[in-house]
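Student: First, the structure itself, so that you have it in front of you.
The values are calculated or read from the model by the stated rules, or taken from the named source; none is laboratory data. Here the structure is a predicted model, which means the values were calculated and not measured. Quick reminder, even Gly has a Cβ in these numbers, built from the backbone with ideal geometry, and neighbours come from all protein chains shown.
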Amino acid sequence: MAGDRRLPLALFRGALPIALGLMLWVAVAGGEGDRLQTLKAQPEGSPASLAQRRRHNELIMEALREASETDDNVAQRHVPWQK
């Protein structure tokens, strides 16, 4: 008789963490759309800002490429660099 009561209790104890996890997942996933809309509205997402960031990354990559191709210590060069 004691075994008859332990099975439903064990199932309940096993299902409880799963149910809590699902509830937390639903709570977090519900705010995901709002978060994406907020990120899209940020000024960093504007085309001008993206172009500026892209140009900045190109300059950094050019400097790294130049530094890898030379034996000079490019960190000691004066600004602006001269080729």
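Quick grid of which residues meet (1) at negative phi; (2) loosely packed, with under 10 Cβ neighbours inside 10 Å; (3) hydrophobic (A, V, I, L, M, F, W, C):
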residue: ARG5; (1), (2), (3): yes, yes, no
residue: PRO8; (1), (2), (3): yes, yes, no
residue: PHE12; (1), (2), (3): yes, no, yes
residue: GLY21; (1), (2), (3): yes, no, no
residue: TRP25; (1), (2), (3): yes, no, yes
residue: GLY30; (1), (2), (3): yes, yes, no
residue: GLY33; (1), (2), (3): yes, yes, no
residue: ALA41; (1), (2), (3): yes, yes, yes
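Student: Going by what's in this entry, would LEU50 be described as assigned to a helix (DSSP H, G or I), within 21 Å of the chain's Cα centre (by Cα), at pLDDT 80 or above and not polar (S, T, N, Q)?
Tutor: yes
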